[in-house]
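Inspection log for the structure reproduced underneath, given as structure tokens.
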Amino acid sequence: MLSKRIIPCLDVKDGRTVKGVNFVDLRDAGDPVELAWQYSQQGADELVFLDIAATHEKRKTTLDMVKAVARQVNIPFTIGGGISELKDAEALLNAGADKISINSAAVRRPELINELANAFGVQFVVVAVDTKHLPHGDFVHLNGGRIPTEIQTQHWIKEAESRGAGEILLTSMDKDGTKSGFDYILLKEINDRVTIPVIASGGAGNEQDFIDVFQKSDVDAALAASVFHYGEILIPELKALLKQNNIAVRI
């Protein structure tokens, strides 16, 4: 049985880690370089670094910060934000990223997934999906959740997989920052539909939520931000509890 992964997420804006609720009301959560080092020491399996305003502000991810974080960690490191072409991904890879995460640019030009997978390998490409539940289904949102689309989440994820996505990072906008638990139903539905790993994001509030997301939806990884940033959950304790509940983790 493959080990389940615990992944802290650094949402970065103006050089600082931030966290909000339902993608708004952002508050400061610390220095991303310092947090990255702490998580690497605590035993996080991977790190995700998202420059959450890059696409909206029509700019690229700050390479200097990526290099600074990469120097501090010895675990896989995924970067997202403002990636719209091959040279953006290549620059991040050269700056120390192990994987890149694409979101809005992939929806606007799905061929980008194929291009990245062909150039760098499927394992390099994480397709992040921000989804919101509406009365007529689950729909993809762009630009950090600011722009709704008419693209159904389930259909888009299947297309992303077929084009060469190596992993899906699925964030429930309804659950984001609420600490009310992950969207287990949607996560299980997506996980059952695809053969690539699914990372759950949005809603982690306590250790039981991590147990539940692995037991109820069987996703490959669980990502969280504020509960780790503010010390509400410590990764060594979380992993010990997961192991007690017969969930395979890397200690």
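The values are calculated or read from the model by the stated rules, or taken from the named source; none is laboratory data. The shown structure was predicted, so the numbers you read here are calculated from the model rather than taken from an experiment. Counting neighbours? That spans all protein chains shown, and the Cβs are built from the backbone with ideal geometry, glycine included. When the accessible area is computed, the model is the full protein with side chains, heavy atoms only, and any ligands, DNA or RNA have been set aside. Shrake-Rupley method; radii C 1.70, N 1.55, O 1.52, S 1.80 Å.
In the context of the full set of protein chains, the range 5-244 has a per residue accessible area of 41 Å² (1.4 Å probe).
Taking all protein chains as they are arranged and a probe of 1.4 Å, the heavy atoms of SER226 leave approximately 10 Å² accessible to solvent. Between beta-carbons, use under 10 Å as the cut-off and find the net charge around PRO8, counting Lys and Arg +1, Asp and Glu -1. Net charge in that neighbourhood comes out at -2.
Could you please report the charge total around ASN118, scoring K, R as +1 and D, E as -1 over all other residues with beta-carbon less than 12 angstrom from its beta-carbon?
On the way: positive: ARG163; negative: GLU111, GLU115.
Around ASN118, the surrounding residues sum to -1.
Of all beta bridges that DSSP places with both ends in the chain, some 30 percent have antiparallel geometry.
Place a +1 charge on the Cβ of each Lys and Arg in the range 36-166 and a -1 charge on the Cβ of each Asp and Glu, then give the dipole magnitude about the Cα centre in debye, rounded to the nearest 20.
Values: 13 positive and 16 negative charges, 53 e Å.
It comes to approximately 260 debye.
For LYS158, neighbours were defined as the other residues whose beta-carbon sits under 12 Å from its Cβ, and their charges (Lys and Arg +1, Asp and Glu -1) total -2. Of the solvent-accessible surface of the chain, computed with a 1.4 Å probe over protein heavy atoms with every protein chain present, carbon and sulfur atoms account for 50 percent.
Pull out a ≥ b ≥ c, the square roots of the eigenvalues of the alpha-carbon gyration tensor of the chain, then state rounded if a/c is under 1.5, prolate if not and a/b is larger than b/c, and oblate in the remaining case. It comes out rounded by the Cα gyration axes.
Once all protein chains are placed together, LEU92 keeps about 10 Å² accessible to a 1.4 angstrom probe. Here is the list for the range 83-125: GluC sites (Glu not before Pro) lying in DSSP coil, each with at most 16 other C-beta atoms within 10 angstrom of its C-beta, are GLU85. In order along the range 68-81, phi translates into HN-Hα couplings of 5, 5, 4, 5, 9, 10, 10, 10, x, 9, 9, 10, x, x Hz, rounded to whole numbers, per the Karplus curve 6.51 cos²θ - 1.76 cosθ + 1.60 with θ = phi - 60° and x for Gly and Pro. Take each peptide in 170-179, 206-215, count the other Cβ atoms within 10 Å of every residue, and average; sorted highest first, the result is 170-179, 206-215. In this structure ASP51 has an accessible area near 10 Å², from a 1.4 Å probe over the protein heavy atoms.
Taking the Cα centroid of the range 208-251 and of the range 84-116, what is the distance between the two, rounded to the nearest whole Å? Between the Cα centre of the range 208-251 and that of the range 84-116, the gap is 28 Å.
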